[in-house]
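Student: For reference, the structure I am asking about is given below.
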Amino acid sequence: MELRSSGDDNSHWFHLSGVVVEKTFDTLLIELNEKEESSLFFDTTKVSLDCTKCKGDLEQVSEGNVIKFYFFKYNIDGETVKIERIVR
């Protein structure tokens, strides 16, 4: 039996979680959960989330909330990532 790959790192969402430290109009600053694989994507524990694609999800988020966020690996730019979805 042959295994089939359904895509690569650029064709599916990854997810991480963290605590919201600061919230602005369309950006969140979060402290990443250190128990996860965040070190595979970021060299720091604080990351800026560009939420321009999911502004509707921001209504349910406040500072201090623990959130899970979804993103494509190619949308990471240093300590900022453009995200696709937020879940509380």
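Student: List the GluC sites (Glu not before Pro) within region 13-88 that DSSP assigns to loop and that have no more than 10 neighbouring Cβ atoms inside 10 Å. Please list the in-between numbers first.
Tutor: Working: sites: E22, E31, E34, E36, E37, E59, E63, E79, E84; in loops: E34, E36, E63, E79.
When the GluC sites (Glu not before Pro) of region 13-88 are filtered for loop state and at most 10 Cβ neighbours within 10 Å, E34 remain.
Student: With a cut-off of at most 15 other beta carbons within 10 Å, and DSSP calling the residue loop, which trypsin sites (Lys or Arg not before Pro) in region 44-74 qualify? Please list them. It would help to have the intermediate numbers written out before the result.
Tutor: On the way: sites: K46, K53, K55, K68, K73; in loops: K53.
Taking region 44-74 and a limit of 15 other Cβ atoms within 10 Å, the loop trypsin sites (Lys or Arg not before Pro) found are K53.
Student: Right, something else. Please list the non-local residues whose amide H lies under 5 Å from the amide H of K46, H modeled 1.01 Å from N, same-chain partners needing a gap of 5 or more.
Tutor: Long-range HN contacts for K46: L32.
Student: Given H placed on each backbone N at 1.01 Å, which residues far from R85 in sequence or on other chains put an amide H within less than 5 Å of it?
Tutor: Y70
Student: Quick one, which of [x] 13.6, 51; [y] 18.6, 60; [z] 20.5, 74 is the actual Rg and Dmax of the Cα atoms in Å calculated for this model?
Tutor: [x]
Student: Going 7 Å from the Cα of E37 along its beta-carbon direction, which residues of region 71-88 have the amide nitrogen within less than 12 Å of the resulting point?
Tutor: Under cut-off, by backbone N: 73.
Student: Within 10 Å of each candidate Cβ there may be at most 13 other Cβ atoms; applying that plus a DSSP loop requirement, which chymotrypsin sites (Phe, Trp or Tyr not before Pro) in region 8-88 survive? Mind dumping the intermediate values first?
Tutor: On the way: sites: W13, F14, F25, F41, F42, F69, Y70, F71, F72, Y74; in loops: W13, F25, F41, F42.
Answer in residue order: W13, F25.
Coordinate-derived values only; no laboratory data. Fair warning: this is a prediction, and the values are worked out from it, not measured in the lab. In this analysis, Cβ positions are derived from the backbone assuming ideal geometry, glycine residues included, and neighbour counts consider all displayed protein chains.
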